[in-house]
Every structure is written in C-alpha cells, then in structure tokens.
C-alpha cells in the first residue's frame, strides 16, 4: 500500500500540498482504512508526507533547498561508497564489469547521428546502472538504503527517478551534460582501479554535486528568489 501511494506522489497523481483522506483513499483502492493509515504513517517517516494536527496527512511540498540538501547528502554517501570500494580494492571481475559499462556509455555518446530524447533516456538508464553497480560493490545495505531515500525528490523525479517533464529531461540528459558525466565516471573507475580510495571519493562527490548544481539552476529559472542563495 505504501508503494502504491509513493508512486502516485512521485508520478504527480497526488499533487504536493494535497490532503490525504483515509476514507476516500480506502474506498478508491478497495481496502480498509487500516492499511491506508499504516501506509501514510510510513510515508511520513520517509518525509514524503507531513502530519498536521487536526488536519491529517498532507503531501510535502519540496523546493530547491530540498534538492540542494538531498544531493549534498547523496554526494557524501556515494563518495563514501567509492571510498569503501577503494579501501578493499576491485577484483578483476568487478573492474571488467565497470569497464564494460563505460564502454557501453562511450558507444552511446559517440554514436553517429543526432542526439535524441531516446538516446538521452538511454543515457539516464546507463547512468543509473553505473551508480547502482557501485553501491552493489560497496556491499552495504544501510548505505544503499540511505542513498535511495536521499534520491526521493518528487519535485524533479517520478517513481522511476526520471525527470517529470521534457524541459528537465533535456537539461539533465543533453549531450554535453552526458559527455561531462561520462568523463567523471571514467575518473571514478580509474581511481578505483588504482585503489586510490580518497581520489575516488572526491571524484564521486564532485560528480553528484555537479548534478545538484544543475538541478538548482533549473529550479532557479522557475523561482529565482527562492533559490538565489543556493547557487
């Protein structure tokens, strides 16, 4: 039940600021009020809902500061992920897997023809897979869950962590941006291959913070006064 409500919030079916009514949601979903109440309490714990005394649960309104702060946390956590991998070192299989991922990214980015929305979406899939592979290599459940929670930003992403609209998608996945991200991926893997944990940590932190700054810039174009202090 919590997964259903979470997806509807991320996908924009339930708008920010909406008040959630147990009875109407239970009727709509064909369940009793008990699982709905439990799901809303869980989403409140995750930060997607807020509880207002005498009013019930409301979908939280996210803003540019939330994006800035969440990505700053992600930068620290994913940097830590690379440090953990670098401290232990990559075996031959893991290094070969990461190198193959970079090869696939390179092929997509340097393929002849116009950079299209479809290729941008494919880049997003490859980029996500790269980050998830590093988390898997770090082999730390708590770290993975913390990164996933810091990624929950319905102001930008849907339930599949794709940008909500064409404008945001084009900003994040334009060719120049993808080329820069690919170069950063290469620096991360090179540092890990040399077992330079500190360098890998810094490279990943800088990589995530670059996306943070890009997204804050995107939001500043929508509401400059609220995010001026963040850029």
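The values are calculated or read from the model by the stated rules, or taken from the named source; none is laboratory data. In this text, all values refer to a predicted model and were calculated from it rather than measured experimentally. As a convention, Cβ positions derive from the backbone with ideal geometry for all residues, glycine included, and neighbour counts pool all protein chains shown.
Some points to look at:
- For region 34-51, filtered to residues that are loosely packed, with under 13 Cβ neighbours inside 10 Å and free of Cβ contacts under 8 Å to residues at least 24 places away in the same chain, the residue that is farthest from residue 148 (Cα to Cα) is 34.
- Boolean, residue 115 is part of a loop (DSSP other than H, G, I, E, B) and under 17 Å from residue 181 (Cα atoms): yes
- Residue match in region 59-71 (condition: surrounded by 13 or more Cβ atoms within 10 Å (Cβ to Cβ) and at pLDDT 95 or above): no
Residue-wise test of (1) in contact with a helix residue (DSSP H, G or I) (Cβ under 7 Å, 6 or more places away or on another chain); (2) part of a helix (DSSP H, G or I); (3) not assigned by TED's automatic domain parsing to the domain that holds residue 147.
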{"position": "191", "(1), (2), (3)": "yes, yes, no"}
{"position": "195", "(1), (2), (3)": "yes, no, no"}
{"position": "211", "(1), (2), (3)": "yes, yes, no"}
{"position": "217", "(1), (2), (3)": "no, yes, no"}
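- Residue in region 90-106 that is under 13 Å from the mean Cα position of the chain (by Cα), surrounded by fewer than 16 Cβ atoms within 10 Å (Cβ to Cβ) and under 30 Å from residue 217 (Cα atoms) present: no
- Qualifying residue in region 127-148 (condition: in contact with a strand residue (DSSP E or B) (Cβ under 9 Å, 6 or more places away or on another chain) and modelled with pLDDT under 95): no
- Of all the residues in region 23-33, those that are exposed (fewer than 13 other Cβ atoms within 10 Å of the Cβ) and in a loop (DSSP other than H, G, I, E, B) number 2.
- Any hit, region 102-117, residues being at pLDDT below 95 and within 30 Å of residue 13 (Cα to Cα): yes
- For region 49-91, the candidate set comprises residues that are in contact with a strand residue (DSSP E or B) (Cβ under 7 Å, 6 or more places away or on another chain) and part of a loop (DSSP other than H, G, I, E, B); within that set, the residue that is nearest to residue 9 (Cα to Cα) is 60.
- Any chance residue 98 is at pLDDT 95 or above, assigned to a helix (DSSP H, G or I) and assigned by TED's automatic domain parsing to the domain that holds residue 204: yes
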